[in-house]
1. Could you tell me how many of the residues in segment 175-223 are closer than 20 Å to I243 by Cβ, at pLDDT 85 or above and not in a helix (DSSP H, G or I)?
2. I want to confirm something. Restricting to segment 92-104 and keeping residues that are touching a Leu at 6+ places or on another chain (Cβ under 9 Å) and farther than 22 Å from A332 by Cα, which single residue is surrounded by the most Cβ atoms within 10 Å (Cβ to Cβ)?
3. In segment 270-329, what residues are without any contact (Cβ under 8 Å) to a residue 60 or more places away in the chain and among the β-branched types (V, I, T)?
4. Would you pick out the residues in segment 112-139 that are without any contact (Cβ under 8 Å) to a residue 60 or more places away in the chain, more than 25 Å from N327 (Cβ to Cβ) and either open to solvent by less than 10 Å² (accessible area, probe 1.4 Å) or out of contact with any Gly (no Cβ under 8 Å at 6 or more places or on another chain) (or both)?
5. Out of L168, L157, L185, L144, which single residue is touching a residue at least 12 places away in the same chain (Cβ under 8 Å), more than 24 Å from H130 (Cα to Cα) and in contact with a Phe, Trp or Tyr (Cβ under 8 Å, 6 or more places away or on another chain)?
6. Please pick out the residue among M300, M228 that is within 21 Å of the chain's Cα centre (by Cα) and not in a helix (DSSP H, G or I).
7. In segment 46-85, how many residues are buried (at least 17 other Cβ atoms within 10 Å of the Cβ) and more than 23 Å from the chain's Cα centre (by Cα)?
8. Determine which single condition Q257 fails, assuming it passes every other condition in (1) more than 25 Å from S340 (Cα to Cα); (2) surrounded by fewer than 18 Cβ atoms within 10 Å (Cβ to Cβ); (3) in contact (Cβ under 8 Å) with a residue 12 or more places away in the chain.
Amino acid sequence: MKHISLLGATGSIGTQTLDVIRKHPHHFRLESMSVGKNIKLAIEQVHEFAPKLLSVQSKEDYDKLIHEVPSSTRVVYGSEGLIEVATAQESEILVNAVLGSVGLSPTLAAIQAGKTIAIANKETLVTAGHIVTEEAKRHNVALLPVDSEHSAIFQALNGESIKEVDRLILTASGGSFRDRSREDLVNVTVREALNHPNWSMGAKITIDSATMMNKGLEVIEARWLFDMPYEKIDVVLHKESIIHSMVEYIDGSVIAQLGTPDMRVPIQYALTYPKRLQSISHERLNLWEIGALHFTKIDMKRFRCISFAYEAGKIGGTMPTVLNAANETAVAYFLENRLSFLEIEHVIEQALERHSLIKQPTLEEIIAVDAETRAFIHSMIK
């Protein structure tokens, strides 16, 4: 039995991770978990899965929960609580499913504690990929991808030499507005942006999918997960989300991983690797029912956030940190109806243009740049 620590238990990836644990109780046990603002759901999860440790965001949440959970579950809070969850003594695997750069410090702590990392938190690798991958190598810790695209690449690389890869091809659904021109996006609403055609995800990731920043962050993540230069990472629009990504080899062979759009499949694979378990879903991929798959070349002028990500990634240093912090902040303002959809791009571009690059940032410098970028965006939007 594998003992699991889970950061972000009440979010989209977190609840689907618990689906996998629920389906396979003889293979997995939830050892520790952190939650966000959904305290009601957190209480239900604690009563069902009985983790030994629970972390909440604030002292106020701690005071609410302390008398609502069994005495066998210890409750902690704040950033220190996240680290406690990530490094729980009996856990073997940390599933990092929190949103944003808050996942960085607990992930590094878990690596240093020798835990396997199942990573669904893009921002950890985007903001500090060089630090995270160096620490993983130093401590001989595996970084297992949970995102469907990176899991697909990981599976397509099994048994192959990374030296024989010609390029990685990430597929993108195109999000809520894939069939709209830029002119059509001027007055789109939050509700429209949250209407993803294929996947059920949290609000922030769904907006990132609509702007295609989600795919830009995945490009940077792929660079670090697979040690691949940006010139060998491509993106293609594939609206059915059946082919999750592909690897092209130097002999022209292309290996793709296919499946129905269900995040529980890559989550389960990360937890069981290198083995597989019975599918949690009974839905089979019957290609004859789909009939056709469609692919379109990415228009970088239409989806500007992808071009921002490639540029920031190639420059390196603190540029990806600025990209991520500016995007997180801008998306939050959009969800509050304080910023228009296309203004998300404008805000990110301004943050990137004003930044003074630090080429080899320390963790402290990354944290400082992240905070400074957020403060700059806050000063712009009043």
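The values are calculated or read from the model by the stated rules, or taken from the named source; none is laboratory data. What you see is a predicted model; the values in this text were computed from it and never measured. As a convention, Cβ positions derive from the backbone with ideal geometry for all residues, glycine included, and neighbour counts pool all protein chains shown. For the accessible areas, the whole protein counts, side chains as well, though only heavy atoms, and no ligand, DNA or RNA atoms are used. Shrake-Rupley method; radii C 1.70, N 1.55, O 1.52, S 1.80 Å.
1. Number of matching residues: 1.
2. The extreme case among them is V95.
3. Those that are without any contact (Cβ under 8 Å) to a residue 60 or more places away in the chain and among the β-branched types (V, I, T): I290, I315, T318, V322, T329.
4. Residues satisfying the conditions are Q112, A113, G114, T116, K137, R138.
5. Working: L168 fails: more than 24 Å from H130 (Cα to Cα); L157 fails: more than 24 Å from H130 (Cα to Cα); L144 fails: more than 24 Å from H130 (Cα to Cα).
Sole residue among the options that is touching a residue at least 12 places away in the same chain (Cβ under 8 Å), more than 24 Å from H130 (Cα to Cα) and in contact with a Phe, Trp or Tyr (Cβ under 8 Å, 6 or more places away or on another chain): L185.
6. M228
7. Taking segment 46-85 and keeping what is buried (at least 17 other Cβ atoms within 10 Å of the Cβ), we get 46, 49, 51-57, 61-62, 65, 69, 73, 75-77, 81-85.
Then drop every residue that is not more than 23 Å from the chain's Cα centre (by Cα), which leaves 46, 49, 51-53, 61-62, 65, 69, 73, 75-76.
Going through segment 46-85 one residue at a time, the tally reaches 12.
8. Status for Q257: all satisfied but (2).
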